[in-house]
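Visitor: One structure follows; several queries about it will come next.
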Amino acid sequence: GSKETWKSTNSGVSFTSINDSFGGNGNAKAITSNSLNELFIVEGTAKVFKSTDSGVTWGLVNSDYNGAIGNDATDMFSNSSDGLFILHNQDLWQSVDSGVTWVLASDDFNEAGDSHSGIVMFIDESDYIF
């Protein structure tokens, strides 16, 4: 529920608060980074934020990644070409411009008739999505 950004430099043994407000409503759902070490947060009202300085400062890059289809998100990740992805229920959203614009890559990743929503997704070294 906080808007703070915390950082560990010792594999999670201890954390330091580096920012007291990334923005939004304080309901961060997922965070990821790309090959440039830029950080991205998606929060519960479908806003996407970006930091280019290791989480010290944040800027809003998109105020509604899914065009009012629904709020929330369950996971966010990046592939080897810095494409960003957001998982929300059975939808998979993709951005190829650092979160500025988003397209619906899949509106039912687990096929029609299956009502189970996704919780976590992962991209491997071959850019396969699991």
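The values are calculated or read from the model by the stated rules, or taken from the named source; none is laboratory data. Just so you know, these numbers come straight off a predicted model, no measurement behind them. So basically every Cβ, Gly included, is an ideal-geometry build from the backbone, and we count neighbours across all protein chains shown. Heads up: the accessible areas ignore ligands, DNA and RNA and are worked out on the full protein's heavy atoms, side chains in. Shrake-Rupley method; radii C 1.70, N 1.55, O 1.52, S 1.80 Å.
Visitor: Do the conditions hold for Val120, that is, is it of a type in the set (A, V, I, L, M, F, W, C) and in a loop (DSSP other than H, G, I, E, B)? Even if it seems obvious, please write down each step before you answer.
Guide: Values: of a type in the set (A, V, I, L, M, F, W, C): yes; in a loop (DSSP other than H, G, I, E, B): yes.
Taking the combined requirement at face value, the residue satisfies it.
Visitor: In this structure, does Ser115 turn out to be farther than 20 Å from Lys29 by Cα, in contact (Cβ under 8 Å) with a residue 24 or more places away in the chain and open to solvent by 60 Å² or more (accessible area, probe 1.4 Å)?
Guide: Taking the combined requirement at face value, the residue does not satisfy it.
Visitor: Something else: How many residues, within region 38-54, are of a type in the set (S, T, N, Q) and modelled with pLDDT under 95? Quick ask: steps written out before the conclusion?
Guide: Our first condition is that a residue be of a type in the set (S, T, N, Q); within region 38-54, this holds for 45, 51-52, 54.
Imposing the further condition that a residue be modelled with pLDDT under 95 reduces the set to 45, 54.
Summing the residues that are of a type in the set (S, T, N, Q) and modelled with pLDDT under 95 in region 38-54 gives 2.
Visitor: Inspect region 65-87 for any residue being more than 11 Å from the chain's Cα centre (by Cα), free of Cβ contacts under 8 Å to residues at least 60 places away in the same chain and assigned to a strand (DSSP E or B) and give the result as yes or no.
Guide: Checked against the condition, which is being more than 11 Å from the chain's Cα centre (by Cα), free of Cβ contacts under 8 Å to residues at least 60 places away in the same chain and assigned to a strand (DSSP E or B), region 65-87 yields no hits at all.
Visitor: Can you tell me which residue is farthest from Ala68 (Cα to Cα) among those in region 1-49 that are of a type in the set (Lys, Arg) and either over 13 Å from the mean Cα position of the chain (by Cα) or open to solvent by less than 30 Å² (accessible area, probe 1.4 Å) (or both)? Quick ask: steps written out before the conclusion?
Guide: Initially, region 1-49 is screened for residues of a type in the set (Lys, Arg), giving 3, 7, 29, 47.
Next, only the ones that are either over 13 Å from the mean Cα position of the chain (by Cα) or open to solvent by less than 30 Å² (accessible area, probe 1.4 Å) (or both) stay: 3, 7.
Working: Lys3: 23, Lys7: 32 Å.
Per the criteria, the residue is Lys7.
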